[in-house]
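Each value in this text was obtained by applying a stated rule to the coordinates, not by laboratory testing. Computed from a prediction, not measured in an experiment: that's the story for all the values here. All Cβ positions, glycine included, derive from the backbone under ideal geometry; neighbour counts span all protein chains shown.
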Amino acid sequence: MMENNRVISKGLFLWLSTLSLILLMVMVTGLWYFISPRLHEFNQALPFVLLSALRIFFLILVIGTILVFLTSVFEKNFLIANFAVKLFIRFMYPICIFVGKIFRIRKEKIGESFVSVNDSLIKALNPKYNASDVLILLPHCLQDTSCPIRITVIPDNCKRCGKCNIGDISKLAEEFGVDIAIATGGTLARRIVLKKRPKLIIAVACYRDLVSGIQDAFPIKTFGILNIRPQGPCINTKVDVQTIREALNKIVIKKDE
């Protein structure tokens, strides 16, 4: 069931991306038809040269989009590279938000779908890093509000009492030998990333913070894990610790490898 939900989540962003590209091609083609009579006045061959260039551009765009979609759905690299990931992270999300408004699709749903697509592209590229190059970045709202221990600056202060997930995640960090940090917001998170300079981040947060974090951290790859909010946003949130373990198993180079 979880795998099906992930496919459905990815499907929303991929569908909006496809629709956005179709609208882009229609608009550019319409612009060409509008200006082509003017171009004839300068040179008879110019409109045809421009039309041929547009056709080649659209062909590359369609083929590239199909390869990215296949990569995201099957989580296997269909000849895409980091530039394709950059294209989706930098450009497609704001375009999809705009198109989503037209169809009255909630921004939260698009954001969650974007995170799912981002994660699937990272899995497909199959990055492997030393433990010292990986950072687990957590939000402070994972900590139980009744806890008197300050762990934002020093996660090692956690007593691992079991009231929240931070203790279990700290154990995972020790097991894999990766660094762990807890941030109170985007500004502190960016400072932590600049200070530690990881090559890959496993970030837990709400969709809004994950989307901005993925975009701000790029070209550092950020594997996003949505938190669970049984009491609403920013208070006593939870996370599926097993999902973090699975990500670490795929990303961290084991000592015996």
Legend entry - Cα pair distances exceeding 18 angstrom across the stretch 2-123, given as percent: 57 percent
Inset, instruction - Mind checking which aspartates and glutamates have their Cα closer than 18 Å to the Cα of Lys101? Skip sequence neighbours fewer than 8 apart in that chain. - result: Glu112
Legend entry - Sparse-neighbourhood loop sites, trypsin sites (Lys or Arg not before Pro) in the stretch 36-129 - DSSP loop, at most 15 other Cβ within 10 angstrom: Lys76, Arg104, Arg106, Lys128
Inset, instruction - Jot down the per residue volume, in cubic angstrom and as a whole number, of the convex hull over the alpha-carbon atoms of the chain. - result: 149 Å³
Legend entry - In degrees, nearest ten, helix 93-102 long axis to first principal axis of the chain (Cα): 70 degrees
Legend entry - Degrees between helix 207-217 axis and first principal axis of the chain (Cα, 0 to 90, nearest 10): 80 degrees
Inset, instruction - Evaluate the charge dipole of the stretch 2-123 about its Cα centre and quote only its size in Debye, nearest 20, assuming +1 on the Cβ of each Lys and Arg and -1 on the Cβ of each Asp and Glu. - result: 220 debye
Legend entry - 3J(HN,Hα) from dihedral phi, the stretch 23-38, Karplus parametrisation 6.51/-1.76/1.60, rounded to Hz, x for glycine, proline: 4, 4, 5, 5, 5, 5, 5, x, 5, 4, 5, 6, 9, 4, x, 5
Legend entry - Label-to-label distance, nm, for residues given as Asp179 and Glu108 (7 Å Cα→Cβ offset): 3.3 nm
Inset, instruction - Mind listing the long-range amide H neighbours of Asp179? Cut-off is under 5 Å, sequence gap 5 or more, other chains count too, H placed in the peptide plane at 1.01 Å from N. - result: Val134, Ile136
Inset, instruction - Could you check the simple spin-label distance between Lys199 and Phe58, using points 7 Å along Cα→Cβ, in nm with one decimal? - result: 4.2 nm
Legend entry - Net dipole in debye of the stretch 128-251 [+1 Lys, Arg Cβ; -1 Asp, Glu Cβ; about Cα centre; nearest 20]: 200 debye
Inset, instruction - Could you list, in their original order, any pairs among Lys76/Lys221; Lys10/Lys128; Lys159/Lys199; Lys76/Lys238; Lys107/Lys163; Lys10/Lys196 whose Cα atoms are separated by more than 26 Å? - result: Lys159/Lys199; Lys76/Lys238; Lys107/Lys163; Lys10/Lys196
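Around Ile89, with a cut-off of 11 angstrom between Cβ atoms, what is the net charge of the other residues, counting Lys and Arg +1 and Asp and Glu -1?
Cβ neighbours under 11 Å give a net charge of +2.
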Inset, instruction - Search the structure for amide H atoms under 5 Å from the amide H of Thr222, placed 1.01 Å from N in the peptide plane, and list their residues when 5 or more places away or on another chain. - result: Ile201
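With N denoting the number of residues in the stretch 128-251, provide Rg(C-alpha) divided by 2.2 N^0.38 Å, to two decimal places.
Numbers: Rg = 13.2 Å, N = 124, 2.2 N^0.38 = 13.7 Å.
Against the empirical 2.2 N^0.38 Å value, I get 0.96 for the stretch 128-251.
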Inset, instruction - Report, in debye and to the nearest 20, how large the dipole of the chain comes out about its Cα centre when Lys and Arg carry +1 and Asp and Glu carry -1 on their Cβ. - result: 360 debye
Legend entry - Choice from Leu39, Leu226, Leu137 showing the highest fluctuation, given a GNM over the chain with Cα pairs closer than 10 Å: Leu39
Legend entry - the chain: antiparallel DSSP beta bridges as a percent of all, rounded to 5: 5 percent
Legend entry - Whole-Hz couplings from phi, Karplus 6.51/-1.76/1.60, listed for the stretch 227-242; x for Gly and Pro: 7, 9, 10, x, 10, x, x, 6, 8, 6, 7, 10, 8, 6, 5, 4
Inset, instruction - Using a/c under 1.5 as the rounded threshold, could you call the stretch 75-175 rounded, prolate or oblate? The axes a ≥ b ≥ c are square roots of the C-alpha gyration tensor eigenvalues, and prolate needs a/b larger than b/c, oblate otherwise. - result: oblate
Legend entry - 10 Å binning of all Cα-Cα separations within the stretch 200-257, expressed as whole percents from 0 upward: 22, 44, 27, 6, 0
